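What follows is a set of notes on a single structure, which appears directly below.
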Amino acid sequence: MKKLIQINSVCNGSTGKIMASIQDEANKNNYETLSIYGRRKGYKNLKCIKVGGLLSFFDHIFLTALFDLHGLGSYFKTKKMVKILRKENPDIIHLHNIHGYYLNYPVLFKYLKNEYKGKIFWTLHDCWTFTGHCPFFSTVNCNKWKTKCNHCPQKYNYPISILLDNSSKNFLEKKSYFTGIKNLTIITPSKWLEKLVKQSFLKEYNVETINNGIDLSIYKQINNDSIKLKYNIPQDKKILLGVANIWEARKGLWDFIELSKRIKDDYLIILVGVTKKQMKNLPNNIIGIKRTDNQQDLVKLYSIADFFINPTYEDNYPTVNLEALACNTRVITYDTGGCIEQIGNNCGYVIKKDSNKIKNVENILKIIYNDNKKEFKVDINLDKKEMAKKILKLYEENDK
């Protein structure tokens, strides 16, 4: 029986769900499995171990915020992780997000380079692995990551550093630890990210694109208006829906605020994932809902929406688009990252981003008011089971 261990910052959210899908499918195929995670709650029905803790978390925040040393805290917690890896000695280690205030990458990668003899797979959910600081760089049009990062224009974005800029040293440290590893295969959820990886210092590795999937037993159209009563949504309004873990400028919060000023009176915007502070400042024609793990509520909201709008300026292969499509809701999104790979001719619209954000909002309005598509057809795979099967197949192929 083969043994698989996965490592990720969390067990929830999009990356946590992806890790769970792989673990579940591996269990069905007689793998012995374990997920190691750093923060929040673990899985209820899958074997997992939490290595992070509050002290380690705040220590990591301190090092990041003052000295721009993200990924270099949590020393002793990562030692604990490596101890587990040594004891378990898995055939396969599958990495996901190794950033997120829980892991010391030099400690882990010294073990992977010098001791571990099995197969390593690394799913990149963003670009942090090959930059000196940021997980995304699209909004600032930065290409320093191709040669050597320095004077990072994203220093004040996640992982926020309010004091020093250590991007040049970080870049060289990552390049040193993340290259020259035997038996490493990189997985990207989008062709967009695959192309970037092949331009980075990770280009020595084989890169396979396997699109993310979602749980189609949960995400499907439900004709149930009870959700309107729960959140006081008027029966006579057309719904424009947005969903995000964190609403900020790069996720398009400004665009929704501007959209609210321009939509007709028979339209209403619903934003899921807003904070209490953001909720107090929303216009009257935007209903704010705090971040929720209640998937049934999300399904009902997706299902009542006339359009799902995702005006994200930085993203990889967002699962919220997939969730909306699975609920038979047309998606309007920008040509960001892998978004363009998700939307076919009959299931939504991709808007070419303009530097003038007002123009972007105007283009959204044109689509809303002039949509005449009758057929709804999704052209890509949405099923998490298919995603997991492809990854397991990749495990087997690399085992030959």
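Read-outs: derived from the displayed coordinates by stated rules, not from any lab. All values derive from a computational prediction rather than experimental measurement. Cβ sites come from the backbone with ideal geometry, for glycine too, and all protein chains shown count toward neighbours.
For the chain, the longest principal axis of the C-alpha atoms and the axis of helix 167-178 are separated by about 60°. Judged by the mean number of other Cβ atoms found within 10 Å, the most tightly packed of the peptides 249-255, 372-378 leads the ranking 249-255, 372-378.
With 0.36 nm allotted per residue and the present C-alpha distance subtracted, the Q199-F62 stretch has 46.1 nm of extension available. Go through the stretch 48-147 and name the trypsin sites (Lys or Arg not before Pro) that are in a DSSP coil and have 12 or fewer other Cβ atoms within 10 Å of their Cβ. Listed in order of number, the matching sites are K117.
Using only Cα atoms and rounding to the nearest 10 degrees, what angle (0 to 90) does helix 253-262 make with the longest principal axis of the chain? Between helix and principal axis, roughly 10 degrees. Placing R0 at 30 angstrom, the Cβ-Cβ distance between K230 and N45 gives a FRET efficiency of 0.65 after rounding to 0.05. For the chain, adding -39500 (n - 2.57) for each run of n ≥ 4 DSSP H residues and dividing by the number of residues yields -10500 deg cm²/dmol at 222 nm. Counting only alpha carbon atoms, the long axis of helix 384-397 and the longest principal axis of the chain meet at about 20°. Taking a ≥ b ≥ c as the square roots of the eigenvalues of the Cα gyration tensor, the stretch 226-370 is classed as rounded, since a/c falls below 1.5. The modelled label-to-label distance between R291 and K191, using points 7 Å beyond Cα along the C-beta direction, is 3.2 nm.
Overall shape: prolate for the chain, with the ratio a/c of the largest to smallest alpha carbon gyration tensor axis at 1.5 or above and a/b above b/c. If we count every other residue with Cβ under 12 angstrom of C152's Cβ, Lys/Arg +1 and Asp/Glu -1, where does the sum land? Net of charged neighbours comes to +2. Taking a ≥ b ≥ c as the square roots of the eigenvalues of the Cα gyration tensor, an a/c ratio of 1.5 or more together with a/b larger than b/c marks the stretch 1-92 as prolate.
For E208, the residues whose amide H sits under 5 Å from its own are I186, I187, T188, ignoring neighbours fewer than 5 places away on the same chain, with H placed 1.01 Å from N.
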